[in-house]
Amino acid sequence: MSTLDVTVPPQATASAPRRLSADEYRRLARRVKLLSWLSLGWMTVEGGVAILAGILAGSIALIGFAIDSVIGGLASVVIIWRFTGGRVFSEGAETRAQRLVAIQFFILAPYAVSSRSGRSSRASRPTSAGSASPSPPAAW
């Protein structure tokens, strides 16, 4: 059994770093692909439901949530690509995959910031007494 030049960082284990065998690396790569496929399936359903609900409700927030699911799904596709075929042991594929996932999350960052700032500005807006709805106990 050959060993790879892959070292598990010490913070990931309770003991000192160790080398992974090629068989163990392949086993872990299969697990990564399975988790990525599950994640992709979940995000596909989540995004589809969110886009449908967003269109029916006329909600830009739900459509934004669907876009978030698409970006997360694309990251899963990159990970599946990375751990398929000859790319399993490729340093070049690892570097490209890291860059692609990083780009996707940089694309996601403005949405996350804008949704946070929009929420906090709406929460701090005063409402007029005439337009405020009564609290549930007062309505009963």
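Read-outs: derived from the displayed coordinates by stated rules, not from any lab. This structure is a prediction, so every number in the text was calculated from the model and none was measured. Note that each Cβ is placed from the backbone with ideal geometry, even for glycine, and that neighbours are counted across all protein chains shown.
Values computed for the structure shown
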{"item": "Percent RCO, i.e. relative contact order, over the range 21-117, from Cα pairs under 8 Å lying at least 6 residues apart", "result": "28"}
{"item": "Extension reserve of the Val45-Arg31 stretch, reckoned as 0.36 nm per residue once the Cα distance is removed", "result": "2.9 nm"}
{"item": "Farthest positive-ward along the range 21-117 dipole, Cα basis, beta-carbon charges - from Ile103, Val45, Ser69", "result": "Ile103"}
{"item": "Relative contact order of the range 48-93, pairs being alpha-carbon contacts under 8 Å that are 6 or more residues apart, as %", "result": "23"}
{"item": "Cα→Cβ-extended label distance, 7 Å offset, between Leu38 and Ala61, nm", "result": "3.0"}
{"item": "Amide N proximity, the range 53-75 versus Tyr111 label position 7 Å along Cα-to-Cβ, cut-off under 15 Å", "result": "53-55, 59-75"}
